[in-house]
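S.K.: Here you go, one structure.
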Amino acid sequence: MMQQYMKELEQEPFEAEEFVERLAWRTIAETKHEGSDDEDFNPTLLHESFVQAIKDLTLLQERQQKKCEKLENAVREDEALFFQEVYNLFEQNQQAMLTFQELDGKINTVATKVLHLGDQLDSVNGPRSRVVEAHRLLGHLSEFLSTGPLVSSVFTDPYRIDEAADVIQKLYLISQDFPQKFDNVKRKIERKYCDIEKLLIEEFVRAMEKGDKKRMKEIAVVLSQFKGYSQCVDAYIDYSQVNCLSGKDMFAHLLSLCEYNYEIIQKVFSNPDQVMAKFVLNLYQLKIAEYIEQKLNSKLGTYGYLQTLFELYSKTNQLSNDLGIFNMGNDKNFLIKLTTNIFNKHISDYITMELKCLKERCSANLQKYYESKGHQKKQIQSGGFQDLRRDLQAVIGTRANINIAQIENYGGETFLSEELAIVILQDTKHAFERCQLLSKPNERAANATQILDRLINSLLIEHVDYAVELGLQAIPVVEGTKNPPVVYFFTIVYQANNITHLVEKQFMDLVVPLVELSQSIMCVVIKKTTWQASKSLEGGICRLVPCYFTLFIYKTASPYTATTREKRRPTNFPCNKF
């Protein structure tokens with residue numbers, strides 16, 4: 001029974017009321033007989049069961065209380081033991097700190113004495129080592145003073161070339177102060193100096209071919225004290241840039257070549273900034289300049305020459321921007337100067353070639369278009385006398401009710417082409433892009449203005465204005481009341497408006513950024529040109545009004561039936577489209 005109580009008491013959460021209820025139901029269930037009804041209830045037995053349960057629980061409480069006291073005593077003993085251990089550790093730590101401070105003081109004292117002893121040894125060893133070095137150099141100098149070849153293994157053993165280089169470099173510096181009577185010895189030292197320098201450069205090249213960067217660095221350090229150090233750098237540059245112009249994308253290859261060699265230069269040479277600058281200088285002045293000359297000297301034609309020049313200049317500028325991440329000295333404009341020196345002679349007369357090319361292409365496109373229409377472009381008379389003549393013809397024709405003016409409508413052809421305008425605008429777009437890149441900063445606005453003037457003259461004047469004038473001449477002076485006017489001038493208005501919008505869009509997108517200082521002036525020019533075209537179109541529309549007004553009066557004044565209305569309705573009248 002005690003185990004049953006323990007299970008129920010250890011349940012979570014524990015409810016006392018539920019515990020009593022379960023005990024009562026258990027007692028009632030045990031006292032019931034089979035077949036008895038619910039009213040057979042024995043309260044005395046239930047009371048005895050509760051009393052026995054209280055006794056059991058009291059006994060259980062006493063047992064648990066003893067266990068708790070035992071565990072508490074064990075915990076107190078462990079606590080005292082651990083406290084003593086922590087105290088002992090703390091005492092040991094304090095002792096260790098004192099020992100450490102004592103040792104640190106002794107170490108500082110010893111270090112001071114060692115430094116003092118080192119200074120004393122150095123003061124003694126310095127002169128001694130210099131004397132030893134001087135004795136060694138005097139021994140080698142005696143060989144040069146004697147007649148006959150050098151027999152010292154330092155100069156005859158190829159594996160001791162680094163030691164020989166150190167000796168000969170010092171002897172060479174000493175020989176510069178020799179009096180005149182030792183000229184023979186001086187020349188002998190100089191010859192050996194040049195021989196060892198040459199051998200070092202050859203050794204550097206062999207190490208470079210093997211990819212031995214460690215040996216390259218050792219030789220570069222030795223050669224840095226020689227006059228021929230620049231020859232070592234030149235040898236490295238020449239070897240690294242062999243066949244660098246091969247490949248389809250030459251500029252991408254040059255970038256990867258510089259990135260690869262920059263890492264090697266940083267590891268090998270003691271002055272990597274100067275070496276990298278010389279590497280890039282040789283690359284621009286010899287390799288890239290040769291490549292550009294080869295490309296531009298081929299037979300390209302004016303347009304091909306400009307396109308190739310633009311492409312090469314763009315790629316060279318991009319390469320310069322990419323190479324800007326490398327440290328090549330303090331001159332921030334170093335790469336810009338190299339690019340300018342290469343292209344300076346090619347862009348000196350750029351705008352002359354650009355205008356010539358643009359004029360030729362625009363003229364060719366216009367001529368090709370008019371030939372496709374079977375039209376021979378002709379001089380159009382316009383101005384005050386032409387307008388006076390037309391007004392007189394209108395007055396006479398109206399009074400006499402005849403059309404005395406010879407009108408040619410060219411079969412409804414407007415002689416305006418948006419496709420042709422797009423071709424011309426595409427050429428000028430490329431011209432503006434080349435102008436932005438190839439023009440000098442102080443000439444960019446003036447060059448852009450000349451290109452815009454060529455665009456206005458070729459597209460708006462020679463094409464749009466010409467078509468508008470032809471359309472104006474094709475407008476009938478007066479029409480009879482029975483025949484509707486055959487007019488295509490509205491189509492001209494529509495096409496001219498579209499072309500003008502294309503020109504204005506290119507003006508805002510490409511021209512305005514190039515001519516910021518004279519932006520207001522350019523806006524006046526373009527507005528004046530479009531205003532002249534708009535005025536001509538407005539004049540043409542005003543001339544059409546009397547023709548349609550006359551027809552309107554005739555149609556509204558003449559009585560006719562529904563049958564005759566369909567017969568008389570002209571098929572080419574513009575309103576029929578709606």
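S.K.: When only residues in segment 214-244 that are among the basic types (Lys, Arg) and surrounded by 14 or more Cβ atoms within 10 Å (Cβ to Cβ) count, which is nearest to Phe279 (Cα to Cα)?
M.R.: Out of the qualifying residues, it is Lys217.
S.K.: For segment 490-512: of the residues being among the β-branched types (Val, Ile, Thr) and under 39 Å from the mean Cα position of the chain (by Cα), which is nearest to Leu416 (Cα to Cα)?
M.R.: Ile499
S.K.: Of all residues in segment 167-199, count the ones that are at pLDDT below 85, within 22 Å of Glu133 (Cα to Cα) and of a type in the set (Asp, Glu).
M.R.: Residues meeting the conditions: 1.
S.K.: Take the residues in segment 198-213 that are closer than 12 Å to Ala165 by Cβ and of a type in the set (A, V, I, L, M), then tell me which one is surrounded by the fewest Cβ atoms within 10 Å (Cβ to Cβ).
M.R.: It comes out as Leu199.
S.K.: With out of contact with any Cys (no Cβ under 7 Å at 6 or more places or on another chain), charged (D, E, K, R) and under 22 Å from Thr340 (Cβ atoms) as the only criterion, which of Lys287, Lys299, Lys278 stands out?
M.R.: The match here is Lys278.
S.K.: Out of Asp166, Asp195, report the one residue that is over 14 Å from Ser224 (Cα atoms) and of a type in the set (Asp, Glu).
M.R.: Asp195
S.K.: Oh, and also: Given the condition surrounded by 14 or more Cβ atoms within 10 Å (Cβ to Cβ), closer than 24 Å to Thr428 by Cα and free of Cβ contacts under 8 Å to residues at least 40 places away in the same chain, answer yes or no: does some residue in segment 302-319 qualify?
M.R.: yes
S.K.: Ala277 is checked against (1) without any contact (Cβ under 8 Å) to a residue 24 or more places away in the chain; (2) part of a helix (DSSP H, G or I); (3) not polar (S, T, N, Q) and fails just one. What number does that condition carry?
M.R.: That leaves (1) as the condition not met.
S.K.: Can you say whether Thr112 is in a helix (DSSP H, G or I), among the β-branched types (Val, Ile, Thr), over 30 Å from Asp166 (Cα atoms) and within 60 Å of the chain's Cα centre (by Cα), as far as the supplied structure shows?
M.R.: yes
The values are calculated or read from the model by the stated rules, or taken from the named source; none is laboratory data. Worth saying up front: this structure is predicted, and the values here are computed from it rather than measured. Cβ coordinates were reconstructed from backbone atoms using ideal geometry, including for glycine residues, and neighbour counts include every protein chain displayed.
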